[in-house]
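The values are calculated or read from the model by the stated rules, or taken from the named source; none is laboratory data. If you're wondering where the values come from, they're calculated on a predicted model, not measured in any experiment. Cβ atoms come from the backbone with ideal geometry, glycine included; neighbour counts cover every protein chain shown.
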Amino acid sequence: MGVGISAHKLAGTVASLGAMGTISSVDLRRHHPDLMAQTGKSRDKALIDSVNLIALDREIQAANRIAAGGGMVAVNIMRAVAEYAAYVRQACESGAEAVVVGAGLPLDLPELTADHPDVALIPILSDARGIALVLKKWMRKNRLPDAIVIENPRHAAGHLGAARLEDVDQPQFAFPVVLEATLALFRELGIERERIPLIAAGGIHTHGQLSELLAMGASAVQLGTAFAVSEEGDAHINFKKVLAGARPEDIVTFMSVAGLPARGVRTPWLANYLEKEEKLQRKAGPKECTVGFDCLHQCGLRDGMAKAGQFCIDTRLAFALEGDVRRGLFFRGAEPLPFGSQIRPVKDLIEFLLTGRQPGDDPAFQATVHAAA
């Protein structure tokens with residue numbers, strides 16, 4: 001979801017409708033003017049890190065108020081961020097009901113959450129090999145994941161679960177392959193099929209796809225881009241218009257500064273960057289963090305990683321959050337959106353995915369929605 005795209009409004013609304021709403025934990029201070037007043041021009045890493053924990057706490061509590069006991073409020077934390085452990089602990093202390101971790105193997109997540117046994121732990125993985133590594137490591141700690149998100153890098157947005165650009169389309173990431181192999185792994189390890197729900201993610205945009213995935217063995221699906229462009233999405237309206245209006249030829253896959261492939265919309269900044277990428281990578285060398293708080297464990301720009309991206313990801317994602325079409329980096333999945341270029345409420349999206357009905361086509365459904373409102 002990038003910086004601030006899924007915060008309390010979106011996550012709380014999704015949860016209020018009985019689903020799991022997920023807060024993206026990265027640099028949430030940008031939703032809080034008082035915290036930005038303290039840190040907007042600061043290069044004090046400790047100060048920025050501390051106010052981001054305050055912002056995370058505020059967002060979780062606000063989402064829980066909107067959810068009003070419905071569904072679940074989760075927090076997504078990238079394993080690749082420098083403050084990963086601190087974010088995990090804060091999420092648990094602030095009342096998140098689940099912690100979702102991608103962009104790396106969360107082998108230490110059971111230890112980090114040991115004081116919060118009721119918080120659901122959900123790794124995001126892309127192939128059976130990664131799932132096996134996590135399961136075997138966690139089982140030695142007497143813990144199993146409460147669910148596993150299986151994200152297909154061929155279709156997903158943002159950071160992708162493949163090591164190299166050329167690996168994104170590899171057949172081992174296809175849903176049928178991973179689901180079948182994972183269920184076989186469960187049998188091998190003596191894990192009951194029902195014990196760990198499998199959540200398919202990446203490019204899902206129709207009720208038919210959802211039904212097919214359930215028939216393959218998935219228990220649920222996860223969506224990112226479709227929720228990001230909803231009315232309740234926490235980003236600027238320009239952000240939503242960029243994602244919703246993108247054509248297939250506008251969507252590109254490139255190397256992120258995190259050292260992982262990523263997918264987004266070819267906006268002016270990204271087009272300009274990609275033209276210069278090869279030259280920038282040739283000249284890569286270690287340098288100071290441009291924003292002063294070292295958001296990633298490994299950063300292509302800061303650490304001089306020649307095969308990684310050479311830009312400040314926090315700055316570019318923050319521009320996108322603010323709706324700056326010229327300077328922002330806009331992560332987006334590769335597939336069409338359920339409602340095309342329309343920006344619709346979350347409740348319409350959930351209804352469409354669960355039933356295949358367009359809410360406007362069903363007068364009874366509309367009457368129910370209006371009565372609930």
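You will find that of Pro110, Pro33, Pro123, the residue that is under 27 Å from Leu179 (Cα atoms) and surrounded by fewer than 21 Cβ atoms within 10 Å (Cβ to Cβ) is Pro110 and no other. For Ser50, the requirement of being out of contact with any strand residue (DSSP E or B) (no Cβ under 8 Å at 6 or more places or on another chain) and closer than 14 Å to Phe293 by Cα is met.
Quick one: count up the residues across the range 268-314 that are part of a helix (DSSP H, G or I) and closer than 20 Å to Ala46 by Cβ. Give the steps one after another, and end with the answer.
Just the residues of the range 268-314 that are part of a helix (DSSP H, G or I), to begin with: 268-282, 300-303, 313-314.
Next, from what is left, pick out any that are closer than 20 Å to Ala46 by Cβ: 302, 314.
Within the range 268-314, residues that are part of a helix (DSSP H, G or I) and closer than 20 Å to Ala46 by Cβ number 2.
Please work out if Ser6 is among the polar types (S, T, N, Q), surrounded by fewer than 21 Cβ atoms within 10 Å (Cβ to Cβ) and at negative phi. Write out each step before concluding.
Details: among the polar types (S, T, N, Q): yes; surrounded by fewer than 21 Cβ atoms within 10 Å (Cβ to Cβ): no; at negative phi: yes.
No; evaluated as a whole, the condition is false for this residue.
The single condition from (1) assigned to a strand (DSSP E or B); (2) over 24 Å from Gly2 (Cα atoms) that Asn142 fails is (1). Given the structure, is Ala218 within 18 Å of the chain's Cα centre (by Cα), assigned by TED's automatic domain parsing to the domain that holds Phe175 and not in a helix (DSSP H, G or I)? Spelling it out, it is not the case that Ala218 is within 18 Å of the chain's Cα centre (by Cα), assigned by TED's automatic domain parsing to the domain that holds Phe175 and not in a helix (DSSP H, G or I).
Only one residue in Asp234, Asp303, Asp250 is more than 30 Å from Pro176 (Cα to Cα) and outside the structural domain of Ala162 (by TED's automatic domain parsing), so which one is that? Talk me through it step by step, then tell me what you get.
Numbers: Asp234 fails: outside the structural domain of Ala162 (by TED's automatic domain parsing); Asp250 fails: more than 30 Å from Pro176 (Cα to Cα).
From the options Asp234, Asp303, Asp250, the qualifying one is Asp303.
Scanning the range 285-300 for residues that are crowded, with 19+ Cβ neighbours inside 10 Å and touching a strand residue (DSSP E or B) at 6+ places or on another chain (Cβ under 9 Å) yields a count of 3.
To keep it simple, each residue is scored yes or no on (1) buried (at least 18 other Cβ atoms within 10 Å of the Cβ); (2) hydroxyl-bearing (Ser, Thr, Tyr); (3) within 16 Å of Ala80 (Cα to Cα); (4) over 22 Å from the mean Cα position of the chain (by Cα).
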position: Pro261; (1), (2), (3), (4): yes, no, yes, no
position: Lys283; (1), (2), (3), (4): no, no, no, yes
position: Arg302; (1), (2), (3), (4): yes, no, yes, yes
position: Ile313; (1), (2), (3), (4): yes, no, yes, no
position: Ala320; (1), (2), (3), (4): yes, no, no, no
position: Gly323; (1), (2), (3), (4): no, no, no, no
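Of all residues in the range 57-94, those that are under 12 Å from Ser25 (Cα atoms), in contact with a strand residue (DSSP E or B) (Cβ under 7 Å, 6 or more places away or on another chain) and part of a helix (DSSP H, G or I) total 6.
Exactly one residue among Glu212, Glu232 is closer than 25 Å to Leu125 by Cβ and among the acidic types (Asp, Glu), and that residue is Glu212.
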